[in-house]
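Data block below; observations after.
The values are calculated or read from the model by the stated rules, or taken from the named source; none is laboratory data. A quick note: this is a predicted structure, and the numbers were derived from the prediction, not measured.
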Amino acid sequence: MRAKIKTIVPQESKTWNGKELRKRLLVMEDGTTGELTLFPDNPEVEEGQEIEFEIQDRGYGKEIKISRPGGGGGGGRGGAKKSPEQEANLNAIAIAKSGIESGQVKIEDWKAFYLEAFEFFLKFNLGAALKEKAEPAPEKKPLPDHLQDKPMPWE
């Protein structure tokens, strides 16, 4: 596959065999999403960069493996399996960030949009949700009291 990177969300770095692995959640312009693992000798990726890649489902989430000249990936498991809540949070952050950057989500509506995205990704498998057309969002509900003043993960 070949596509441009639309959004990059840095993830927690991991250490493997004494080397720091940099993790990135990528949202591609074609709608593909997955986690990219960069080893110390791998160059950083940038939004707008076009890459050739493969998607590998390792059972704990989708991983993007960049095709590099002469083979060699940048893959590797690293880290523990994420809970459905953690996956939904990461995906909702990426979608909210992308919506704000593209101008499709107004900055004053981001908390409600984030919560809708979180609920959506919590209910459905990310891969299936991106392949199927999502149903229209239900009527917007006000934020619960316990979330009114709570900062969002990227604040």
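Summed over segment 106-126, the residues that are under 19 Å from E29 (Cα atoms) and at pLDDT 75 or above give a count of 1.
Of everything in segment 40-85 that's among the hydroxyl-bearing types (S, T, Y) and at pLDDT below 80, which residue is farthest from M1 (Cα to Cα)?
Filtering segment 40-85 for residues among the hydroxyl-bearing types (S, T, Y) gives 60, 67, 83.
Filter once more, so that each one left must be at pLDDT below 80: 60, 83.
Working: Y60: 21, S83: 28 Å.
The residue in question is S83.
Within segment 12-29, being modelled with pLDDT of 90 or more and either of a type in the set (D, E, K, R) or not in a strand (DSSP E or B) (or both) holds for R22, K23, R24, E29.
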